[in-house]
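The values are calculated or read from the model by the stated rules, or taken from the named source; none is laboratory data. Only a predicted model underlies this, so the values are computations on that prediction, with no experimental measurement involved. All Cβ positions, even for glycine, are placed from backbone atoms using ideal geometry, and neighbour counts span all protein chains on display. Note: accessible area is taken over every heavy atom of the protein model, side chains too, but ligands, DNA and RNA are not part of it. Shrake-Rupley method; radii C 1.70, N 1.55, O 1.52, S 1.80 Å.
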Amino acid sequence: MNRPRRATLVWTRRVGPNVYHQRFSDSLIARRAKAGQFVHLLPGSDHLFRRALSVYATDPRAETFDVLHQVLGAGTRCLAHQPIGTVIDTLGPLGNSFTPPARGTTPVLVGGGLGMAPLRLWAAELMAARSTRRGKPVAPIMILGVRTRELAVAPYQLRTLHVHPHWATDDGSLGFHGTAVDLFADMLRRNDWGPGHAMVYGCGPEPMMKALAELCIAQQVPCEVSLERSMPCGYGVCMGCVVTSRGASGYETYRRVCRDGPVFDAAAIVF
Amino acid sequence: MTTRASRPDLSVTLAGVHFATPIWTASGTAGTGEEIAAWCDTGKLGGMVTKSVSLEPRPGHPYPRTVETASGMLNAIGLQNKGIEAFIAEELPRLRQMPTRVIVNVVGWAIDEYAALAHRLTREEGIDALEVNLSCPNVSRGIDNGADPGWVGECTAAVRAATTTPIIIKLTPNTHDIASLARAAADHGADAISAINTLVGMAVNHNTFKPRLANITGGLSGPAIKPVALAAVYKIKKAVDIPVIGIGGIMSGTDAAEFLIVGASAVQVGTANFRHPDATTRIADELGAYLQSKGMTRVTDLIGRLEV
Ligand SMILES: Cc1cc2nc3c(=O)[nH]c(=O)nc-3n(C[C@H](O)[C@H](O)[C@H](O)COP(=O)(O)OP(=O)(O)OC[C@H]3O[C@@H](n4cnc5c(N)ncnc54)[C@H](O)[C@@H]3O)c2cc1C
Ligand SMILES: Cc1cc2nc3c(=O)[nH]c(=O)nc-3n(C[C@H](O)[C@H](O)[C@H](O)COP(=O)(O)O)c2cc1C
Ligand code: FES
């Protein structure tokens, strides 16, 4: 039987304007969490519902997992300011995870804003597979978009993985001037990433995921997107977190992001 | 240390059915049973009430369907369900295997639909009671009819005639006179009443000027509605002598105890399941501990103990 976890806050670092990187100790989540999965944290006793955050990093040996989050409202603010050592009532790891790319295919990770969180763990898993698996999988390419340079948080986290992201900023203050999807479209034109050569993984704001999905479908590049929904329960009972999806026969139906996702085949989603 | 022998007896019998505990899950808040069973010992549950099932499948309302509010939530799920035949084929077999009582909640558009659902379910084994949802605030006519005692009486009579299974009529609080609704149900053959369903509410985004729910209005549930629910149980208990099942904002064992004191024979836990997947079993344990602290050996000793 699953049980709520009592994860202890190990440390908090402010890594950008309103952006916090937090480490928790919990052996089970540290061991089991896969890229794309999330934890559902009760920020404090005053909150009725939990808040969903993607697992950003794990360290099974140290028995810790990390999250990277933006203070949006009362829940994330409370979490960001909890004293070190606070025990947080946590469910997880929850949800599904990214599907590995076909052999010889380049994984392209396209993130927007805090959407980089699950992609960082995915990059870590893909790099780990390179050192352990025979017939070396192809190294991931990472494209990250943020509004402005200051929000390009935690690049050091990526340097330790030997993944060097291509940055895109809305104001042109860092890297490419434009969105991550614009940069990806540009790179798609210049590289041989057509059908059978690349697999795209996206996480970011919904309009961005829509644009990415449309581009990938048009170019016939397989694409998975990780979606966000307001999640009262996080384990599938409330039916609140739905997304419209195309069924096998083409008819539209609602699916739960917490349990059927958060990762979906982009072609199956009606944005 | 508590020993097995000193553990209070939580069992209750109502409408001729024996329940291991008076703590049930509320309709629409425990998934198909499978999801919640992964998180809690369902043997500690008195009953599992299914999400409302209708004759035809319903897609439900578009997203956003929920909003967190002060001490509660709004929902406008819109009765998403697969329809009665898929329910019987895909969900009922699993529900039957669960070590708890199964109460199937039904919803219709018109009286004959309620009767047809009751009739269809009577042929199926493993259903301990039907809960008749006369109170969903998220669909048109859901409340208009449910707030009319004449219609409640007629609908209850039609369901009664269609089935031999015990029937529980679930009432809306969106009325000025819930007692007369309860009386109409009791007079037309209801075995029990459950109260309350959600209260109509709304939330607005002051930045975008838009409603926060796609359906604009929704049903308010959670701790915010507990006082309304307690008053409803109190009024209904004074009006009828069939058992009442209390619902609304129960988050702890003492919340449950308060409903029992007012006269409820059992309670249902809804929104609390979203905060804690094991809420119902925690509440059952807490209720046991509370009874012990009061020196009571049976939960039935608590029912209706209100002193006014
Ligand atoms: C699977 C998943 C993974 C996520 N991963 C991250 C992450 O790694 N980093 C990060 O910064 N954010 C992430 N989010 C978004 C994060 O959950 C919300 O920003 C957060 O819940 C806001 O809570 P709040 O109390 O600060 O804001 P409030 O607006 O006060 O929240 C009120 C309610 O709405 C819900 N809510 C509000 N906005 C959102 C939203 N955009 N998405 C989902 N729920 C919302 C909250 O859960 C809460 O129940 C993720 C969301 C999901 C569903
Ligand atoms: C998300 C959600 C879905 C619900 N769906 C149903 C339903 O399908 N049928 C029904 O009779 N009541 C439904 N309800 C109402 C609950 O069963 C219960 O009456 C109400 O939420 C009050 O209890 P609570 O405060 O413990 O949640 C739903 C409530 C919520 C929050
Ligand atoms: S959050 Fe409740 S079903 Fe997904």
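For this structure, a couple of remarks:
- Residue check: residue A:260 meets all listed conditions (1) out of contact with any strand residue (DSSP E or B) (no Cβ under 6 Å at 6 or more places or on another chain); (2) of a type in the set (Asp, Glu); (3) open to solvent by 60 Å² or more (accessible area, probe 1.4 Å) but one, namely (3).
- In the condition set (1) among the charged types (D, E, K, R); (2) part of a loop (DSSP other than H, G, I, E, B); (3) out of contact with any helix residue (DSSP H, G or I) (no Cβ under 7 Å at 6 or more places or on another chain), residue A:186 is compliant with all but (2).
- Of all residues in the stretch B:77-94, those that are away from chain A (no Cβ under 13 Å) have Cβ atoms under 8 Å from Cβ atoms of residues that are open to solvent by 10 Å² or more (accessible area, probe 1.4 Å) and part of a helix (DSSP H, G or I), 6 or more apart or on another chain, in B:84/B:120; B:88/B:120; B:94/B:34.
- Among the residues of the stretch B:274-298, those that are outside any helix (DSSP H, G or I) and more than 10 Å from chain A (Cβ to nearest Cβ) comprise B:294, B:295, B:296, B:297, B:298.
- Of the candidates A:200, A:163, A:237, the single residue that is assigned to a loop (DSSP other than H, G, I, E, B), open to solvent by less than 10 Å² (accessible area, probe 1.4 Å) and away from every other protein chain (no Cβ under 14 Å) is A:163.
- Yes/no for residue A:185 being buried (at least 20 other Cβ atoms within 10 Å of the Cβ) and out of contact with any strand residue (DSSP E or B) (no Cβ under 9 Å at 6 or more places or on another chain): no
- Among the residues examined, residue B:129 qualifies as of a type in the set (A, V, I, L, M, F, W, C) and more than 20 Å from residue A:255 (Cβ to Cβ).
- Candidates A:213, A:267: the one that is touching a helix residue (DSSP H, G or I) at 6+ places or on another chain (Cβ under 7 Å) and open to solvent by 30 Å² or more (accessible area, probe 1.4 Å) is A:267.
For (1) open to solvent by 10 Å² or more (accessible area, probe 1.4 Å); (2) without any contact (Cβ under 8 Å) to a residue 40 or more places away in the chain; (3) under 22 Å from residue B:184 (Cα atoms), each residue gets a yes or a no:
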residue: B:230; (1), (2), (3): yes, yes, yes
residue: B:234; (1), (2), (3): yes, no, yes
residue: B:252; (1), (2), (3): yes, yes, no
residue: B:262; (1), (2), (3): yes, no, yes
residue: B:267; (1), (2), (3): no, no, yes
residue: B:273; (1), (2), (3): no, no, no
residue: B:283; (1), (2), (3): no, no, no
residue: B:306; (1), (2), (3): yes, no, no
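- Residue A:85 meets each of the listed conditions (1) assigned to a strand (DSSP E or B); (2) open to solvent by 10 Å² or more (accessible area, probe 1.4 Å) apart from (1).
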